[in-house]
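Shown next, in structure tokens, is the structure this report addresses.
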Amino acid sequence: MAYPFQLGFQDATSPIMEELLHFHDHALMIVFLISSLVLYLISVMLTTSLTHTSTMDAQEVETIWTILPAIILIMIALPSLRILYMMDEINNPYLTVKTMGHQWYWSYEYTDYEDLTFDSYMIPTQDLKPGELRLLEVDNRVVLPMELTIRMLISSEDVLHSWAVPSLGLKTDAIPGRLNQTTLLSTRPGLFYGQCSEICGSNHSFMPIVLEMVPLKFFEKWSSSML
């Protein structure tokens, strides 16, 4: 869960989000080193009188500043492609949940069960209980088992939406007439909050997402009570 004045990402809850955080730190360090080098060169050129004016015309300098950026781009591209393929990989999911975006709420269907479906609406501010989060709490949470691969099928029935849970590294567009899929795996139990990340209309900011990750035995007990 994010907190006020937070500058970084939320704590990673899935292996994919951990990889994304590592890649972010990797790319940020490269950008920091490039910025430091450029700042140093600018300060040197402004404070030092040039005595070797022919240096900038040397073939060696041309070669270096052509090859070095190419190497830097490869160092960024290879980890990025690796994570991209990891995010698209589907590993024999334990459970499939279909998510439909509406104006302005989400509906969920557990396709492995015969009749387990519900709508998830935001709880109005005046109905919140002490300790609940404004604009983030819902009347029906999505309960899922932790440490198991879950497949999410995401679509929409009206306009463009986007199903996003930052701590799990998830953000998938909900497009009318198209079925997108993504996988999630939580390494720890807890409540994980998200929101629609597509500007879908006047109530765009009032369709939150709440995932409740629990051990498998508690999930089986919950699913039995819902049927």
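Using amide H atoms built 1.01 Å from N in the peptide plane, name the residues 5+ places from Ser120, or on other chains, whose amide H lies under 5 Å from its own.
Under 5 Å from the amide H of Ser120 lie the amide H atoms of Trp106, Ser107, Tyr108, each far enough along the sequence or on another chain.
Per-residue HN-Hα couplings for segment 153-164, Karplus 6.51 cos²θ - 1.76 cosθ + 1.60 at θ = phi - 60°, whole Hz, x for Gly and Pro?
9, 10, 8, 9, 10, 9, 10, 5, 10, 8, 8, 9
Using only Cα atoms, locate the centre of segment 168-220 and the centre of segment 103-144, then give the distance between them in Å, rounded to an integer.
Between the Cα centre of segment 168-220 and that of segment 103-144, the gap is 11 Å.
From largest accessible area down, sort Ile199, Ile42; use a 1.4 Å probe on the protein chains.
Highest to lowest solvent-accessible surface, that is Ile199, Ile42.
Could you tell me which residue out of Ala58, Tyr3, Leu136 lies farthest along the dipole of the chain toward its positive end? Charges go on the beta carbon: Lys and Arg +1, Asp and Glu -1, centred on the Cα centre.
Sorting the options by dipole projection puts first Tyr3.
At a 1.4 Å probe radius, which order do Val142, Val159 fall into by accessible area, largest first?
On the way: Val142 0, Val159 45 Å².
Of Val142, Val159, the descending order of accessible area is Val159, Val142.
Would you mind getting me the FRET efficiency between Leu41 and Gln6? Use the beta-carbon distance for r and R0 = 35 Å, nearest 0.05.
Calculated value: 0.55.
If you count only protein heavy atoms and use a 1.4 Å probe, how large is the accessible surface of Ile123, to the nearest 10 Å²?
30 Å²
Does segment 127-227 classify as rounded, prolate or oblate by the C-alpha gyration tensor (a ≥ b ≥ c root eigenvalues; a/c under 1.5 gives rounded; else a/b over b/c gives prolate, otherwise oblate)?
Oblate, because a/c is 1.5 or more while a/b does not exceed b/c.
Arranged from highest to lowest average of other beta-carbon atoms within 10 Å per residue, in what order do the peptides 90-97, 13-20 appear? Don't skip to the end; give the middle numbers.
Numbers: 90-97: 13.9, 13-20: 18.6.
Order by mean packing, descending: 13-20, 90-97.
Report, ordered by chain and residue number, the aspartates and glutamates lying within cross-link reach of Lys129, taken as a straight Cα distance under 16 Å and ignoring same-chain residues fewer than 8 apart.
Glu137, Asp139
How high is the FRET efficiency between Ser80 and Ser202 when r is their beta carbon distance and R₀ equals 35 Å, given to the nearest 0.05? Walk me through the numbers on the way to the answer.
Details: r = 36 Å, r/R0 = 1.03.
Using R0 = 35 Å, I get an efficiency of 0.45.
Got a sec to turn the phi values of segment 186-195 into Karplus ³J(HN,Hα) couplings, 6.51 cos²θ - 1.76 cosθ + 1.60 with θ = phi - 60°, whole Hz, x for Gly and Pro?
9, 8, 8, x, x, 9, 10, 9, x, 9
Please give the calculated 222 nm ellipticity per residue for the chain, where each DSSP H segment of at least 4 residues contributes -39500 (n - 2.57) and the sum is spread over every residue; nearest 500 deg cm²/dmol?
-11500 deg cm²/dmol
What FRET efficiency comes out for the pair Tyr94/Glu18, r = Cβ-Cβ distance, R0 = 25 Å, nearest 0.05?
For Tyr94 and Glu18, the calculated efficiency is 0.75.
Among all the aspartates and glutamates, which ones have a C-alpha under 13 Å from Lys171's C-alpha, if same-chain residues fewer than 8 places away are not counted?
Filter leaves Asp88, Glu198.
If I fit a long axis through the Cα atoms of helix 216-226 and take the longest principal axis of the Cα atoms of the chain, what angle between them do I get, 0 to 90°, rounded to 10?
Relative to the chain, helix 216-226 is tipped by roughly 50 degrees.
Can you spot the aspartates and glutamates whose alpha carbon is less than 14 Å from Lys98's alpha carbon? Ignore those fewer than 8 places along the same chain.
Within reach: Glu109, Asp112, Glu114, Asp115, Asp119, Glu157, Asp173.
Please list 3J(HN,Hα) in residue order for segment 16-33, calculated via the Karplus relation 6.51 cos²θ - 1.76 cosθ + 1.60 where θ = phi - 60°; whole Hz, with x for glycine and proline.
Calculated HN-Hα couplings, in order: 5, 5, 4, 5, 5, 5, 5, 5, 4, 5, 4, 5, 5, 5, 5, 4, 5, 5 Hz.
Packing-wise, with mean Cβ within 10 Å as the measure, how do 190-197, 107-114 rank, highest first?
Put in order of decreasing packing, that is 190-197, 107-114.
Going by amide H atoms built from the backbone, whose H comes under 5 Å of the H on Leu95, apart from near neighbours?
Hits under the 5 Å cutoff: Arg151.
For the pair Gln103 and Asp25, how long in nm is the line joining their label points, each one 7 Å along Cα→Cβ?
Taking the simple label geometry, Gln103 and Asp25 are separated by 4.4 nm.
What shape does segment 15-88 have by the C-alpha gyration tensor, where a ≥ b ≥ c are the square roots of the eigenvalues, rounded means a/c under 1.5, and otherwise prolate means a/b greater than b/c and oblate the rest? If you can, show how the numbers build up before the last one.
Details: a/c = 7.83, a/b = 2.28, b/c = 3.43.
Here segment 15-88 falls in the oblate category.
The values are calculated or read from the model by the stated rules, or taken from the named source; none is laboratory data. Just so it is clear, the model here is predicted, and its values are computed rather than measured. Reconstructed Cβ throughout: ideal geometry from the backbone, glycine too, with neighbour counts over all protein chains shown. Accessible surface areas use protein heavy atoms only, side chains included; no ligands, DNA or RNA. Shrake-Rupley method; radii C 1.70, N 1.55, O 1.52, S 1.80 Å.
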